[in-house]
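K.L.:
My questions will all concern the structure given below.
The values are calculated or read from the model by the stated rules, or taken from the named source; none is laboratory data. Since this is a predicted model, take the numbers as computed values, not measurements. Here the Cβ positions follow ideal geometry from the backbone for every residue, glycine too, while neighbour counts run over all protein chains shown.
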Amino acid sequence: MVILGSGLLVGAGDSGGTPIPTDPYSTPTDPYFSDVVLLMHLNGADGSTVFADVKGNTINTYGNSRISTNNSKWGGSSLYLDGINSALSINRAAIDLRSSVNPLWTIECWMYPIIQTGRKTIFTNYNINGNGQSNSLLLSTTQIGTDGITFGYTLPTGRWLHWASTKSSSGLITLYLDGAFIQSTTANPTNSSPNNYLGGCPGDNNIGNEYFNGYINDFRITLNNRYPVPFTPPSTQFSNQ
């Protein structure tokens with residue numbers, strides 16, 4: 001069974017016969033696009049293990065990470081993570097989210113979580129050899145913050161939702177679900193492994209078995225605080241410009 005979210009908005013011609021755009025990422029223009037450092041639409045052929053980033057970063061894969069056409073918010077396909085051993089990684093040299101390097105950021109995506117028990121990793125740079133994870137970024141299905149400072153929340157399952165975490169220059173890390181404010185805490189990530197991880201933290205001695213199970217579309221990292229206040233989630237796929 002194929003489960004589809006909102007359809008692609010490809011534009012509409014006016015009475016003067018303006019051509020309908022064929023590129024679903026062409027409009028509207030993103031005012032923060034120059035600050036975007038990672039943008040993966042996570043579309044493709046069913047079973048594909050190729051994950052393209054609009055910004056050209058190399059994406060490494062772990063386990064059974066793959067594109068699936070069984071479920072999608074946009075584009076008829078999405079990233080499927082099986083909750084067992086699947087994750088993606090991006091080198092810290094490309095995206096360094098330590099406060100001393102990039103004090104402002106927004107990490108967001110559309111996700112369809114499948115019911116799981118306990119904490120599961122959404123995004124982290126926690127994987128450091130020798131128990132050195134103190135003050136590393138940890139964004140999970142039950143906690144948001146760093147290794148030492150987090151707040152808890154309940155993540156809905158069984159439906160598509162917009163998930164976004166932001167960080168201000170003062171160190172305030174905030175979570176929004178479908179644009180609604182959930183909670184915030186002051187926590188400055190000062191430590192980091194050589195890689196950032198999406199969906200799991202392979203090999204970590206503390207959270208190495210906490211893999212996310214579900215589907216993800218349009219994963220984006222922006223080095224700016226897009227959402228300082230509650231907002232209406234995007235109604236189309238993230239722009240490529």
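K.L.:
Take SER99 and decide whether it is modelled with pLDDT of 95 or more and on the phi < 0 side of the Ramachandran plot.
P.N.:
no
K.L.:
Could I ask something else about it? Answer yes if at least one residue in the stretch 68-84 is closer than 18 Å to LEU139 by Cβ and surrounded by fewer than 23 Cβ atoms within 10 Å (Cβ to Cβ), and no otherwise.
P.N.:
yes
K.L.:
Show the residue pairs meeting these rules: Cβ distance below 6 Å; 6+ apart or different chains; first residue within the stretch 191-202 and buried (at least 24 other Cβ atoms within 10 Å of the Cβ); second residue modelled with pLDDT under 90.
P.N.:
Cβ pairs passing all conditions: ASN196/ASN125; CYS201/TYR126; CYS201/ASN127; CYS201/ILE207; CYS201/GLY208.
K.L.:
Quick one: in the stretch 184-210, of everything that is in a loop (DSSP other than H, G, I, E, B) and closer than 24 Å to SER78 by Cα, which residue is modelled with the lowest pLDDT?
P.N.:
Residue satisfying both the conditions and the ranking: GLY208.
K.L.:
Being at pLDDT below 95, in contact with a Gly (Cβ under 9 Å, 6 or more places away or on another chain) and of a type in the set (Val, Ile, Thr) is true for just one of ILE114, ILE67, ILE20. Which residue is that?
P.N.:
Sole residue among the options that is at pLDDT below 95, in contact with a Gly (Cβ under 9 Å, 6 or more places away or on another chain) and of a type in the set (Val, Ile, Thr): ILE20.
K.L.:
Have a look at PHE123, PHE212 and point out the one that is in contact with a strand residue (DSSP E or B) (Cβ under 7 Å, 6 or more places away or on another chain), closer than 18 Å to PRO103 by Cα, of a type in the set (Phe, Trp, Tyr) and crowded, with 21+ Cβ neighbours inside 10 Å.
P.N.:
Every option except PHE123 fails the conditions.
K.L.:
Return the residues of the stretch 105-120 that are crowded, with 16+ Cβ neighbours inside 10 Å and farther than 19 Å from LEU161 by Cβ; say none if nothing qualifies.
P.N.:
TRP105
Yes or no, residue by residue, for (1) within 17 Å of the chain's Cα centre (by Cα); (2) part of a strand (DSSP E or B):
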| residue | (1), (2) |
| --- | --- |
| LEU39 | yes, yes |
| LEU42 | yes, no |
| SER48 | no, no |
| ASP53 | yes, no |
| ASN57 | yes, no |
| LEU79 | yes, yes |
| ILE84 | no, no |
| SER100 | no, no |
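K.L.:
Let me ask you something else. Testing PHE123 on (1) within 13 Å of the chain's Cα centre (by Cα); (2) part of a loop (DSSP other than H, G, I, E, B); (3) among the aromatic types (Phe, Trp, Tyr), one condition comes back false. Which one is that?
P.N.:
(2)
K.L.:
If GLY148 passes every condition in (1) surrounded by 18 or more Cβ atoms within 10 Å (Cβ to Cβ); (2) modelled with pLDDT under 90 but one, which one does it miss?
P.N.:
That leaves (1) as the condition not met.
K.L.:
So, one more: For the stretch 64-74, which positions are more than 16 Å from ASN196 (Cα to Cα) and in a loop (DSSP other than H, G, I, E, B)?
P.N.:
ASN64, THR69, ASN70, LYS73, TRP74
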